[in-house]
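Heads up, the thing below is written out as structure tokens.
Every number here is computed from the coordinates shown, using simple stated rules; none is lab data. From a predicted model like this one, the values you see are computed outputs, not experimental measurements. Because the Cβ atoms are built from the backbone with ideal geometry, glycine has one as well, and the counts that use them run over all protein chains shown.
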Protein chains: 2
Amino acid sequence: MAGDKMSTYAPHMAKNLSMETMDVSSAKWITLKKIQYLDPQGKQRVWESAERQTRPANSETDAVGVVAVLRDPSPTGKGTETSNSGPRLLLQKQFRPALGKVTIESPSGLVDEGETPAEAAIRELREETGYVGTIPDDATAAAEGFVMWNDPGFCNTNTKMIFVDVDLSDPRNRDPKPELEEGEFIESFTLPLDRLWQELNRLDGEGYAIDARVGGLAQGMEMARQWRDALGKEGDGSKRG
Amino acid sequence: MAGDKMSTYAPHMAKNLSMETMDVSSAKWITLKKIQYLDPQGKQRVWESAERQTRPANSETDAVGVVAVLRDPSPTGKGTETSNSGPRLLLQKQFRPALGKVTIESPSGLVDEGETPAEAAIRELREETGYVGTIPDDATAAAEGFVMWNDPGFCNTNTKMIFVDVDLSDPRNRDPKPELEEGEFIESFTLPLDRLWQELNRLDGEGYAIDARVGGLAQGMEMARQWRDALGKEGDGSKRG
């Protein structure tokens, strides 16, 4: 199906060869921390934590994820005709040595020094997929959202998930060409928004590892569907208030 | 407001005292791995990864998160009258040394040996909040979903986010009493489903650290609202198919 698969860098061809415990002094990207803390009753306790070594100075954000929705609003576009050609979420397959699996993730990347999260999202989207995206005008505050902490009991890494609109009627988005870095092998593809949860379940069953940020989006959309009546009331409440 | 805050264990009273780099040989809970792998073009490369040391043998799942929705379906309940008394998501505040902050998370816990993820979710919910929950009958497959990987570029930790229904008209849920372990200080509270994204933005602004699994749910619900027309079509499509 057109749009399903926009670039092939054969992530399934990769595989792990060996894994060994590594001393912290020889690690370049990550480190381990021993933290002494006072619990709420004033008792001193110890916690162990993993950290990235790459967070930019003066930044609270490690990375951005790009929640990119592809749509075609043009009269000739198929964006509103059938379920199959409705809005689609842009996703990526890549081999991740930490899991030894091919993952399903959003486009993402580390925030460069001096760059805002929104700028990083637009740049990473273009580099990794070739698409030119924009931050939705009507949702600037909602687009940027807040920093999300990936696993607070285990590590201090975090991500800002940025909403980005990709207008397929824009001529620049007709034949997108990613510009991957040396050593990056990413296959981009899309899933229909209206079947995201079911499709991710299917991909999980096929052996892909679903990133929690992507899985959370799908689960939230499923909750919105289940609690549609309750959520529908919000609009009425706003008008009354 | 009743139900907003069900137990107070003063997570804000905790604080970090010191943080030092820790050698991998003295870490009990986490470790670092150096992975040799072949990229898709057959070139040998190295990746660094952090891991938990606690995943049960024969399990692919580290932990469960509990997506618990509190609702009162009884005739005397307020569950369907106004937006303020509609379904609410059960959340927790706790101090996390890895971040040096109080987080907003779902109830969660490690899966015990021999326990299914659904059993772990019901057990953790009861232990951490006192609530008796059930896996929704009409959504058993959807309830359990799939394993979500928290940060595949950095570590191999994962979580299964389980939907759990908490019926407030059940007499056992009238006065829930958590049974926290020694050293656990968790304050449970709820947020209305229909304002989850806005409320998490507010809490982020107040200095809380939002867990990515919770943030993802809220962002997905916000997407469902934005793309309501497109998502509404799914039902029609199913009937046609």
| request: Give the calculated FRET efficiency between A:ALA57 and B:ASP170 to the nearest 0.05, with a Förster radius of 51 Å applied to their Cβ-Cβ distance. | output: 0.45
| task | Would you work out the relative contact order for region A:11-120, in percent, from Cα pairs under 8 angstrom that are 6 or more residues apart? | result | 24
| Restricting the count to DSSP beta bridges whose residues both fall in the protein assembly as shown, what percent are antiparallel, rounded to a multiple of 5? | 70
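If I stretch the segment between A:ILE135 and A:GLN36 completely, what's the gain in nm (0.36 nm per residue apart, minus their alpha carbon distance), one decimal? Walk me through the numbers on the way to the answer.
Numbers: separation 99, 0.36 × 99 = 35.64 nm, distance 4.13 nm.
In short, 31.5 nm is gained.
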| Partner chain coverage, peptide B:25-31 - average Cβ within 10 angstrom | 5
| Taking a ≥ b ≥ c as the square roots of the eigenvalues of the Cα gyration tensor of region B:90-193, is the shape rounded (a/c under 1.5), prolate (a/b larger than b/c) or oblate? | oblate
| note | Env charge @ B:VAL102, Cβ radius under 13 Å, K,R +1 / D,E -1, value -2
| task | Among B:SER74, B:SER26, B:SER169, determine the one that fluctuates most according to a GNM of chain B built with springs between C-alpha atoms less than 10 Å apart. | result | B:SER26
| request: Summarise the partner chain shielding of B:194-205 as one whole number: the mean count of Cβ atoms from other chains within 10 Å of each residue's Cβ. | output: 3
| Label point 7 Å beyond Cα along the C-beta direction, distances from A:GLN198 to other copies (nm, shortest first) | 3.2
| request: Please identify, among B:ARG126, B:ARG45, B:ARG202, the residue showing maximal mean-square fluctuation in a Gaussian network model of chain B using a 10 angstrom Cα cutoff. | output: B:ARG45
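Can you tell me how the protein assembly as shown classifies by the Cα gyration tensor, rounded, prolate or oblate, using a/c under 1.5 as the rounded cut?
oblate
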| Between copies, how far does the label point of B:VAL46 sit from its twins, in nm, shortest first, when each point is 7 Å from Cα along Cα→Cβ? | 2.8
| task | Taking a label point 7 Å out from Cα toward Cβ, give me the nm distances from B:ASP112 to the same spot in the other copies, shortest first, one decimal. | result | 5.2
| How much length, in nm to one decimal, is gained on full extension between B:ARG202 and B:THR21, taken as 0.36 nm per residue of separation minus their Cα-Cα distance? | 61.8 nm
| field | Relative contact order, percent, chain B [alpha-carbon distance under 8 Å, six or more residues apart] | value | 24
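Greater than 21 Å separation of Cα atoms is the criterion. Which listed pairs, A:LYS160/B:LYS101; A:LYS33/A:LYS93; A:LYS15/B:LYS33, meet it? Write out the running numbers ahead of the final one.
Working: A:LYS160/B:LYS101 17 Å; A:LYS33/A:LYS93 31 Å; A:LYS15/B:LYS33 16 Å.
Listed pairs above 21 Å: A:LYS33/A:LYS93.
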| task | At a Cα cut-off below 17 Å, give the aspartates and glutamates reachable from B:LYS28, other chains included and same-chain residues fewer than 8 away excluded. | result | A:GLU20, A:ASP23, A:GLU48, A:GLU51, B:GLU20, B:GLU51, B:ASP62
| For chain A, share of DSSP beta bridges that run antiparallel, in % to the nearest 5 | 70
| query | How big is the gap, in Å, between the Cα center of region A:197-214 and the Cα center of region A:97-148? | reply | 20
| query | So, by mean Cβ neighbours within 10 angstrom, what's the order for B:57-63, B:175-181 with the highest one leading? | reply | B:57-63, B:175-181
